[in-house]
Each structure stands twice: as structure tokens, then as C-alpha cells.
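Each remark here refers to the structure printed beneath this line.
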Amino acid sequence: MAGDHMDDSAAGPAGRTRRSGERRALLLSGSLGMGHDVMAQACSHSLALRGFSTRTLDSLRMMGGRAGSMGEAVFRGMLAVPGLYDAVHFSQMRSGGPLSRVIEATASRFLVPELRLTLREQPVELLLSIFATGAAAASRIKSEHPGMITAVFCTDVCVHRLWVHDNTDLYLVTSATAARFVRRFHPQARIAVVPPPVRQPFYDPPTQDAARDALGIPGDARCVLLMSGSWGLGPLVDGARALAESGVWVLAVAGRNASLAARLRRLARTHRQVIPFGFTDRIPELMAASDLIITSSGDTCSEARVIGRDLLLLDVVPGHGRDNLQLELDRGRADVASADTAALRRSVLAVLDRIKPPSVRVVGTPDAWEQAFGAALSQVELGNGW
């Protein structure tokens, strides 16, 4: 890989001049779960390979302590009320209804001044939004930085209204369906369909035998990895208990949910086949040890496919989560389960019966992502580098 540097005389659109060693990118992520940060890390790594210095900021934190915390609290509150986030997502966000415009205007009122100050102190060649309110704020200050490329990377299959703005130079999406949802609001959009990026450790996991030896799991046991994002949504404790009582070893990951982690640790004291984890960087090892990955829709699905494990998806994330679940089912090697404990147990045991012997690791490399990402950048004259 090589960075695509241009000399001082090279100019891109709108008179943008690029100087060797001065390529900067600002990434706008968001701290609702880990998914946005994972994608930001992947993009930052790929940009660095192409000679960019990168900086990633949290769109929610940039709004200020009270406003940023309120945004997360509102989202968690909607998830806590059955049907509420579904109603907001499907009736307002996907359609671009009045409420979506209110959310955009409110978030931008806090975020735009901070983003304006950030860019004044350190101009960038590329502003890449991996969070919807970041995309909205970037669109509002685009005219103030005519030499700056604004791009949006959304891994949701149904790209809702807050992501899409007429003055965005480039959209990166991970499916043809997502591209069509962008064009619902921006018919002339420049779009690149790219594979979901996967972090490097997932391309080099241990063997199943080695992973099980390290974890103390018998080689001939049935074993699953049970997790559901950094918030640990869904019936993880009850599901782990039911599966352990059915003879299945359960690697149960609570993510950043401290209360859930404590409950899993208590469960493990009476159910030796449950091995609990909080937030951990051992996910590649845990996937390698498992026969099946039980999770909600998200970047975990792409990671599991790289390692070669089948998926059983929990239908526990409303709104965009239901959209994304359907896409993962279409991608294959995935089933869906109810959040009801008894139904989950039946589904897990049935899938384990069907996939014996365990699926082998899929040998893959990051090349497909890197080539697609480089080609996308070349559309806006930021160079391929691959």
C-alpha cells in the first residue's frame, strides 16, 4: 500500500490544492454503542495507509455535556418503551418526516459551532461523517470550506433522512439497497458500494482447538458466543442459563453494560458452562472457539463471517436494527431467533444440529475493502493508493 501524494501544483475540485505531507481527515463518529466507532477505526486505518493524518471526534460529545448526554438518554429511553423507536424510525426517520427535521435542526444548533471552530483551527481535506448528526452538521458548513470534501459512511441498509444532504460529495454504503435509499432523498448522489470493513485481528484468529484450550472448553463440546452489542440488549442472562442447562457451553459477553456483566458473573458461579466477559478485545478468540455466534445485527456479523461462523440473530434492536437484520439474513449463513428464552433455546439447539461439524474458517483478507475504499476516494480525486 502507498499513500497517494500529489505535488504542490496538483489541484482538485473547487481549486483544492493538495500538498505532500499535509493530507488531513476529520472523522465524525458517535457514542451510541460501538458500531460507529468500529467503522471510524477502520476508515482511519485505511486513510492512514494512504498518507492521511486522521482525527476522530464524537459528534455527541461535541454538542456539549448536557446536550450530548441528553441525546444518548433520549435514544435509550425510546428503546426502553416497546414500539416507540420502531414508530419513530419507520414513520419519521425513513420518510424524512417533521420529527426528523426537528432532530436535525436541534442537534446542528449545538454541533455546528463546535465543528466550525474545529475546522478553523485545523482545516482538513476530507470530512467523513459516520454518524447521522455529524453528516447534518457537515452539510451546514460545507459552503464555508470550498476545498473540503464531505463524505458520509453509513452501514445501515435503509439510510434514513438525517444521513442524506444535497451538498454531500460522496456516500459510502454497504449494499445496493442502501444506495437506493440514499437516492430517495438525493437523486444525483455520488455513491460507492463497499464491503463492510472488518478489523485486522479477525483475519488471523486462533484455531478452534487452540481457542478452546485457552478458555478451558472441551474440544468435543457444543459452544456458542452470546453477545448483543456494547449495550448487551436482549435475553443474555436467561439465554445463557437455558443453554448451559441444555449442555451448551456459553461465552457470554456483556459489552459495556456493567450491570449485565455482574449478573453474568453471578450466573457463572452456579453454571460452570457459562464463561462471562465484560468489554473485551478477545472477540476473535471467542468466535474461533464457538460453533455458532448469537448476536444482534451489526458489525459482529461481518466479523463472524470472516472467521467462518454461522449466525443466529436476535431480533432485539428496533427500527434500523430490524432493517439490518433482514439484510444479514439475505447475506446468508444466518437465522433469526425470538428473544423469548424458550424459543431461543429451541432455535440454538436446532441450528447446532444443522451445522455440525463446525463450519471451517473462511480465509479472507482486507483487500476487498481496501480496494473498494480506495476506488471510492478516487471518485472525489482523493486518490486510490491500492
Query - Subset tally (residues that are out of contact with any strand residue (DSSP E or B) (no Cβ under 9 Å at 6 or more places or on another chain) and either among the acidic types (D, E) or not in a loop (DSSP other than H, G, I, E, B) (or both)) for the range 188-207 - result: 5
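Among the residues of the range 86-133, count how many are among the aromatic types (F, W, Y) and surrounded by fewer than 20 Cβ atoms within 10 Å (Cβ to Cβ). Lay out the reasoning, then the answer.
Taking the range 86-133 as the starting set, the residues that turn out to be among the aromatic types (F, W, Y) are 90, 110, 131.
Filter once more, so that each one left must be surrounded by fewer than 20 Cβ atoms within 10 Å (Cβ to Cβ): 90.
Within the range 86-133, residues that are among the aromatic types (F, W, Y) and surrounded by fewer than 20 Cβ atoms within 10 Å (Cβ to Cβ) number 1.
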**Report entry** R199 vs. criteria basic (K, R), over 17 Å from the mean Cα position of the chain (by Cα) and surrounded by fewer than 21 Cβ atoms within 10 Å (Cβ to Cβ)
**Finding:** no
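Quick one: which of A289, A242 is at pLDDT 95 or above, among the small types (G, A, S) and over 17 Å from T207 (Cα atoms)?
Working: A289 fails: over 17 Å from T207 (Cα atoms).
That would be A242, the only listed residue that is at pLDDT 95 or above, among the small types (G, A, S) and over 17 Å from T207 (Cα atoms).
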Query raised in the report: Restricting the first residue to the range 301-317 and requiring it to be under 18 Å from P358 (Cα atoms) and modelled with pLDDT of 95 or more, which pairs with a second residue that is in a strand (DSSP E or B) and among the β-branched types (V, I, T) meet a Cβ separation below 7 Å and a spacing of at least six or different chains?
Result: L311/I293; L311/T295; L312/I294; L313/T295; L313/V336
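Being assigned to a loop (DSSP other than H, G, I, E, B), closer than 30 Å to G77 by Cβ and in contact (Cβ under 8 Å) with a residue 40 or more places away in the chain is the filter here, so list the residues in the range 208-232 that pass it.
M227, S228, G229, S230, W231
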**Report entry** Wholly enclosed helices (runs of 4 or more DSSP H) of the range 258-346 bearing at least 3 residues of a type in the set (V, I, T)
**Finding:** 299-307
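The values are calculated or read from the model by the stated rules, or taken from the named source; none is laboratory data. Small disclaimer: the values here were computed from a predicted structure and weren't measured. Methodologically, a virtual Cβ is constructed for each residue, glycine included, from the backbone with ideal geometry; neighbour enumeration extends over all protein chains shown.
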